[in-house]
1. Give A:Leu87, A:Leu76, A:Leu107 a once-over and let me know the one that is surrounded by 15 or more Cβ atoms within 10 Å (Cβ to Cβ), outside the structural domain of A:Leu52 (by TED's automatic domain parsing) and part of a helix (DSSP H, G or I).
2. Scan the range B:28-57 residue by residue and report those that are farther than 20 Å from A:Ile83 by Cβ and either touching a strand residue (DSSP E or B) at 6+ places or on another chain (Cβ under 7 Å) or not polar (S, T, N, Q) (or both).
3. Tell me which residues, restricted to the range B:18-45, are among the polar types (S, T, N, Q), free of Cβ contacts under 8 Å to residues at least 60 places away in the same chain and surrounded by 17 or more Cβ atoms within 10 Å (Cβ to Cβ).
4. If B:Val82 meets every condition in (1) over 26 Å from A:Ile145 (Cα atoms); (2) buried (at least 24 other Cβ atoms within 10 Å of the Cβ); (3) within 10 Å of another protein chain (Cβ to nearest Cβ) apart from one, which number is that one?
5. Go through B:Ala141, B:Ala70 for me and flag whichever is small (Gly, Ala, Ser) and surrounded by 17 or more Cβ atoms within 10 Å (Cβ to Cβ).
6. Where in the range B:89-190 are there helices (runs of 4 or more DSSP H), lying wholly inside it, with at least 3 residues that are facing another protein chain (nearest Cβ under 7 Å)?
7. With (1) of a type in the set (Ser, Thr, Tyr); (2) assigned to a helix (DSSP H, G or I); (3) more than 10 Å from chain A (Cβ to nearest Cβ) as the list, and B:Thr66 as the residue in question, which single condition is left unmet?
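The values are calculated or read from the model by the stated rules, or taken from the named source; none is laboratory data. None of the values given here were measured: they were computed from a predicted structure. Using ideal geometry, Cβ is built from the backbone for each residue, glycine included, and neighbour counts are taken over all protein chains shown.
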Amino acid sequence: MFLTFCKIGAFTLGGGYAMLPIMEREVVDRHHWLTHEEFLDVLAVAQSMPGLFAINMASHIGIRHSGVKSGIICSLGVAFPSIVAILLIAMFFQVFKDNIYVEKIFLGIRPAVVALIASPCFSMARAAHLTLSNIWIPIVCCLLITCFDVSPVWIILAAIIAGFLWGRRRSAKKKNNFDKD
Amino acid sequence: MIFLRLFLVFSKIGIFNFGGGYAMLSLIHNEVVEKNHWLTSTEFTDIVAISQSTPGPIGINCATYTGYTAVLNDGYPQWVAVLGAVFATLCVLWLPFLLMVAVSKVMLRYAKSDRVTSVFSVLRPAIIGLIAAAAILLMSADNFGNPSTETFKFVTSIILFFFAFFGCRLFKIHPILIILLCGIAGLLIY
């Protein structure tokens, strides 16, 4: 299991959702650790839990298959290749970061990275069903962080509480309507 | 002392991460760059670039790199820095893992319940705000150049920014290819 998840970790650049197809092929088609339906359930859980998506997938697959120990093994398996790769790069980077050519390359890369970070906002807006009625949520959150130095931790907590209360009010309303009928 | 702070910061980053790697960037930036000064804003941008082009989730990559650099800058030898890197990475993982163990049986029913759906109907838009904030915070003079004193660097950066943005949005060029092309452009232009 460790080796399989090492492979999944090593061959997915960019992380997260990029590793879903290869994970499904290994876990469902090749090793039959889970059925296709179980895999979709694991996906739903991994998305709604805090933590890294890829690690959540790995740990939940491991736990479902054969308990906590396999969960740990699978998570470490996914993390292992990237830890090794980044460690090597970190050592290399400490030595070479003042090299003039490396600096030139990164001068070109930096603006591109900012663009790559900005880009998923727009594709995610569609997935989150952003409309005129809730577009204020991301705008306010963004302003709070950039202009008022609010820690993202508070924003996430506030969003969870607000969503919870909103859901409770909505279900109370539904129940009221039901009682009236 | 540095290990205790790494532990606190990266445990926090792990448990407050919803919605994938990009969503945690503003949180990591806030903790690692602004509060603890373990990395500069440019170093942070460079790590995101490196994370994009190396295997594994961005969160893991950031934790490993920051752990290594922070311990090294604190005056410890290299082998301690390697331990610091592994330690910081494990700190990101352990709380979500415990939570996963605790709820893995109940969660299946729970993940599709109305309550969770309504929490995410607010959390998802908020996360988009977090990602946008990370992008805006990185649009700094450090990364783009100062418009009045470094006009050439600034204009070039803006052009590269729009190339990357539209290349990714409209033409679906792979992010790694974009990073590679912009790196070559930087080498040739500057």
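1. Values: A:Leu87 fails: outside the structural domain of A:Leu52 (by TED's automatic domain parsing); A:Leu76 fails: outside the structural domain of A:Leu52 (by TED's automatic domain parsing).
Being surrounded by 15 or more Cβ atoms within 10 Å (Cβ to Cβ), outside the structural domain of A:Leu52 (by TED's automatic domain parsing) and part of a helix (DSSP H, G or I) holds for just one of A:Leu87, A:Leu76, A:Leu107, which is A:Leu107.
2. From the range B:28-57, those farther than 20 Å from A:Ile83 by Cβ are B:29-30, B:33-37, B:40-42, B:45; that's our starting set.
Result: B:His29, B:Val33, B:Glu34, B:Lys35, B:His37.
3. Of all residues in the range B:18-45, those among the polar types (S, T, N, Q) come to B:26, B:30, B:36, B:40-42, B:45.
Still in the running and free of Cβ contacts under 8 Å to residues at least 60 places away in the same chain: B:30, B:36.
Hit for the range B:18-45 is B:Asn30, nothing else.
4. Answer for B:Val82: the failing condition is (2).
5. On the way: B:Ala141 fails: surrounded by 17 or more Cβ atoms within 10 Å (Cβ to Cβ).
The conditions single out B:Ala70.
6. Values: elements: B:107-111, B:114-138, B:141-144, B:151-169, B:175-189.
Filter on the range B:89-190 gives B:107-111, B:114-138, B:151-169, B:175-189.
7. All conditions are met except number (3).
Residues are listed down the side, and each one gets a yes or a no for (1) within 7 Å of chain B (Cβ to nearest Cβ); (2) in contact with a Ser or Thr (Cβ under 9 Å, 6 or more places away or on another chain):
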position	(1), (2)
A:Ala115	yes, no
A:Ala127	no, no
A:Ile135	no, no
A:Pro138	yes, no
A:Phe148	no, no
A:Ser151	yes, no
A:Trp154	no, no
A:Phe164	yes, yes
A:Arg168	no, yes
